[in-house]
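Asks: Below: one structure in structure tokens.
Any read-out appearing in this document is the output of simple, stated calculations on the displayed coordinates, not a laboratory observation. The model shown is predicted, which means the values in this text are computed figures rather than measured ones. Ideal geometry is used to build each Cβ from the backbone, glycine not excepted, and the neighbour counts take in all protein chains shown.
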Amino acid sequence: MRLTLLPFPRQGIFNFEPMPEHFFCSQMVRVRPRDGTYPAETVLLEEISPQAVVLSGGAPFQVGVELLVAADGFAAQVTVSECEVREDTYVIRGDFGGGYRWSPQKWTPAHLYEVQDVPKTKAAGAL
């Protein structure tokens, strides 16, 4: 189910809870509601973890909506847990369903980069 929200205040992704053990990536994926209420659209997969994904696209999705997310070699059910607007796009966080847990060995999106904690003293010294 799509939402039409006008006006929608500008917010940032910074309100999302961080995902433990997650990866930044850049991969175009197809998304459609599991109930097939409208055709698939192409969105950007920005982050992935064993439990969840972060997607950005042109349409908002209501919390609780079940989506099918697919790319070559990858398909998973995702339940929308958060949706926010960022500049001119919507950022959607979804949790994997059906007992699915992602790993780089199962499927590797393009431009995969593991996010690791960097001690603050080390990060400050790099400047």
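Asks: Run the numbers on region 13-116 and let me know its relative contact order in percent, using alpha-carbon pairs under 8 Å that are six or more apart.
Replies: Once divided by the residue count of region 13-116, the mean separation gives 30 percent.
Asks: What three numbers, in Å, describe the spread of the alpha carbons of region 21-64 along their principal axes, ordered from the longest?
Replies: Principal extents (Cα only, largest first): 33, 20, 14 Å.
Asks: Along each of the three principal axes of the Cα atoms of region 13-116, give the extent in whole Å, ordering the values from largest to smallest.
Replies: Computed over the Cα atoms, the extents are 35, 29, 22 Å.
Asks: Could I ask something else about it? Roughly speaking, what is the stretch gain from Thr108 to Ala75, that is 0.36 nm per residue apart minus the C-alpha to C-alpha distance, in nm to one decimal?
Replies: Length difference between fully extended and current span is 10.7 nm.
Asks: Right, next: Quick one: net charge around Cys25, please, counting Lys, Arg +1 and Asp, Glu -1 for every other residue with C-beta under 12 Å from its C-beta.
Replies: Net local charge, Cys25 excluded: -3.
Asks: Using the 10 angstrom Cβ neighbour count as an exposure proxy, how do Arg32, Arg93, Arg101 rank, fewest first?
Replies: Arg101, Arg32, Arg93
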